[in-house]
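For reference, the structure is listed below as structure tokens.
Rule-based calculations on the coordinates, nothing more; no lab input. All values reported here derive from a predicted model rather than from experimental measurement. Cβ placement follows ideal geometry from the backbone for every residue including glycine, while neighbour counts extend to all protein chains displayed.
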């Protein structure tokens, strides 16, 4: 039995409520502690799913975040390999880095929230509030991430600004990956739910400044968490 097989044989079934989070934490800990050494190939998705007694989509979600951290790399036809013993201090989501998003989002989403408060239709306002309820009830991280993406997209749509819509479309995939990482690493879902509802309520009430302030506060919290991940990677061990 090799080291990787021995590690997986000790994996325990996880709580389905936080399945991806638990799998991510367990594999990340095994890598940063040295139990899974650089160069080790992780078991196939089906083996990991069987070991943790979760679905393959849960495994994929955890593996995507490990790759975003720079700990692993998936090679087509070969598998997923450990490539670094500690997180990469520069997080990236394909074309865009975490810092790119941190610096750009306030210039797009804060004014968009203000315009949405002035221009939203009743249907859009109702849908934003309904999305808040759905996110508050949703326990699956993947499903929650999809709702989060829809929430922010709807605000851009409600702003009535085609330039904002084009920019958000370009960075949408990066934002989804960032959201998944924050939920797995920083347990941001519950806090985000509170922040999202404040934004939605301000937009529904037609409060331009209130909507801008609520969005600014939300993005500031995201920025704080991302800066901790970027600037102090040793805290992840």
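Structure above, values below:
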item	result
Normalised convex hull volume, the stretch 140-206, alpha-carbon set, Å³ per residue	76
Pairwise label distance in nanometres, residue 136 with residue 224, each label 7 Å out on the Cα-Cβ vector	2.2
Between helix 98-119 and the chain: long-axis angle, C-alpha atoms, 0 to 90°, nearest 10	30
Contour minus Cα-Cα distance for residue 187 and residue 95 (0.36 nm per residue)	30.6 nm
Ellipticity estimate at 222 nm from DSSP helix runs (n ≥ 4, -39,500 (n - 2.57)) divided over the chain, nearest 500	-23000 deg cm²/dmol
Gaussian network model of the chain, springs between alpha carbon atoms under 10 Å - residue of 196, 218, 107 with greatest fluctuation	107
Packing rank of 59-67, 182-190, where each peptide gets the mean count of other beta carbons within 10 Å, highest leading	59-67, 182-190
Distance (nanometres) between label positions extended 7 Å along Cα→Cβ at residue 44 and residue 103	4.4
Helix axis angle, 122-137 relative to the chain longest principal axis, alpha carbon, degrees	30
Value in Å of the Kirkwood radius, where the stretch 80-217 supplies the Cα pairs that are averaged	15.5
Mean projection area, nm², convex hull over Cα of the chain	12.5
Of every Cα-Cα pair in the stretch 31-103, the percent that sits beyond 20 Å	35
Cα centroid separation, the stretch 183-234 to the stretch 18-76 (Å)	27
GNM result for the chain, Cα springs below 10 Å: residue of 149, 70, 94 fluctuating most strongly	94
Tilt relative to the chain, helix 162-186 - C-alpha long axis, 0 to 90 degrees, to 10	40
